[in-house]
Amino acid sequence: MKKFLANYKNQLFISLMLIFIASILLQWVQISNKNLYLGYDWIFHYNRFYDAAQQIKDGNLQYFISMYGFSQSGRIINALYGPMFAYLNGLFLLISRSWFSYQLFSNFLITFLSASSMFWLLIKNKIRIPISLIFSIMYSSFYMIQSWTFNQSFGNWGAFILPLVVLAATRFLHKEYLKKDLAFLAFAMTLAIQAHVLTALFSVIILAPFFIIGFIYSKNKKQLFFYTLIAALITVFMTANVWYPLLEVNMENQLMRPAVVWNMENHAVRLDLFKPYKDFSLVVCLLFIGQFLAAIYSKMNILNRLTTITSFGLFALSSKVFPWNDITDKFPSISIIQFPGRLLLPAVVLIILALSLSMETILDNKGTRIDKRIIIYPILFLMLLGSVKGHMDYSNKELQNWKGTELFSSTKNVIFKTKDLESLRNSFKAKDLGAPFRLIKKRNSDYLPVADKSLAYDKDFHPYGKQKRAIIENPINEKLTKKVKNHQLVISWRSNGEETLLPLIIYNRTNVVVNGEQLDNAQIKTNKIGGLIVQPQKGENTVKISYKASFVFYYMLFISILSWFLFALWQIIRVLK
């Protein structure tokens, strides 16, 4: 047994098994109570995944417009927001067969992947296994990672990607930058872009200082620059399916931005011991304090210094110390970040690496007779217990929402079609995946095509009300029948011949056929948020909509798929050599 445990590979395997078990145990409140956690973003993202799932199930694949989700309104969402991750989650949903099973699985998955990627980051930077294991499980239990569990905040999928990005960044400081480093950088950045635009932005922010310092110290600057450029080009090819639709749709339409946060400082990290920011727990605070003390009293190599400085820089940006409101007044486009507190996640990834490196330096220092492990390991274990307890406490707090009278805490802009709580709860456990969306809807204006560019930036324009009247509570809804056939969304109704606002959103490339007549763009009439207005005939009417993607899009999609295939083939050949 001792021989088995002494083997390094066996230790790694046991560590991954412990991470697997810990990832399950962190979901114990949900497993034992069979509840769901429904946060402020669940309606938006679950609609995305439902739409993708139904496309896969019915074979009616439509990359751009929503034919099943978002009240079957034809809105463009997934094409602009991590399309491949949406289809992947749609596949998970189909396999899970109910929203309860899907949520439990996805909560476990993000916990396991986050802990595993953090473990890999630390091990690859020569941190001993016990420290790596404790920090990995601790990291996965933080609220900022579990925000997907509680709030369905999609940006938190970046929690398993950012440690990979940091690992790619540390390789810039190696004596020689190799082809395998190039490949890993391309892979990490491709994952970030495929998942979430802001995760990609944070990744670039992390990579920049490491590349600059690595370039300064590199003995082969030409190779480092050339390999990094190749990695960037590979990433561009592998993500063509993401950035091209984003460019095309935005250039051809005036889109409403995701909810604009005009007072960003209200969403920055609050340094308050009595009312702390949710993400900034006592344990997270101790990480920064610990590394601050380590930076003062212990020697640090270049990797540790750079990681520490970058981490504290991001921490400062995430807090109210930084004058976000003044900056966004001068540069409104920066408001795309929405919540500065999001920058705490990359800061925490970096501070864990920095503190781990400091602990390794302290443990390697044989200058004292005391075995420093006797001090460090218990402290780490207590921090782990504190972090896990915080997670369990919050899980039980959110459980009360499910058992209460509203199911979830954030009901702003939410419209309930029934007040029967038992029916609402049962809809999430039914095999009919569309059941929750018939009972619960939410006003949301993301990516609606507005009539005028100025409306997208107008503080006095209220698209939520218009979206509610056009889509959610449109009187015509009671008379309509909707179905999806041959990649088209088909709606039918009887009319007295009066002009009608239909619950359909029309973009520049949306094909509209009214009673068999194909309308060109000049004939299509819409309201301020792209809602289709038609002049029906008396009696039966049929409207069909589809989306005519450009030839360039299909070309870019082909390039993306081919690039993934060639990249995988390259890695297989490299490993087999």
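Quick notes
- Top-ranked residue in region 55-66 [being under 20 Å from ALA549 (Cα atoms) and either among the aliphatic types (A, V, I, L, M) or assigned to a helix (DSSP H, G or I) (or both); ranked as modelled with the lowest pLDDT]: LEU61
- Selection status of VAL204, within 23 Å of VAL349 (Cα to Cα) and part of a helix (DSSP H, G or I): yes
- In the condition set (1) buried (at least 23 other Cβ atoms within 10 Å of the Cβ); (2) more than 23 Å from the chain's Cα centre (by Cα); (3) more than 30 Å from VAL29 (Cα to Cα), LEU229 is compliant with all but (1).
- Hits in region 31-51 (condition: assigned to a helix (DSSP H, G or I), in contact (Cβ under 8 Å) with a residue 40 or more places away in the chain and either in contact with a helix residue (DSSP H, G or I) (Cβ under 6 Å, 6 or more places away or on another chain) or surrounded by fewer than 18 Cβ atoms within 10 Å (Cβ to Cβ) (or both)): ILE31, ASN33, HIS45, ASN47, ARG48, PHE49
- Restricted to region 498-507, and to residues there that are at pLDDT 95 or above and assigned to a loop (DSSP other than H, G, I, E, B), the residue that is farthest from GLU473 (Cα to Cα) is TYR507.
- Residues located in region 122-149, provided they are part of a helix (DSSP H, G or I) and basic (Lys, Arg): LYS124
- Matching residues, region 510-535, being in a loop (DSSP other than H, G, I, E, B) and either free of Cβ contacts under 8 Å to residues at least 40 places away in the same chain or in the same structural domain as GLU248 (by TED's automatic domain parsing) (or both): ASN515, GLY516, ASP520, ASN521, ALA522, GLN523, ILE524, GLN535
- Taking the criterion of being in a loop (DSSP other than H, G, I, E, B), more than 19 Å from GLN467 (Cα to Cα) and more than 34 Å from the chain's Cα centre (by Cα), the residues of region 480-497 that qualify are ASN496, GLY497.
- Single condition LEU198 does not satisfy, out of (1) modelled with pLDDT of 95 or more; (2) closer than 23 Å to LEU350 by Cα: (1)
- One residue stands out among those in region 95-118 that are touching a Lys or Arg at 6+ places or on another chain (Cβ under 8 Å) and crowded, with 17+ Cβ neighbours inside 10 Å: the one that is farthest from TRP148 (Cα to Cα), which is SER98.
The values are calculated or read from the model by the stated rules, or taken from the named source; none is laboratory data. Note that this is a predicted model, so its numbers are computed, not measured. Neighbour counts are summed over all protein chains in view; Cβ atoms, including those assigned to glycine, are modelled from backbone coordinates with ideal geometry.
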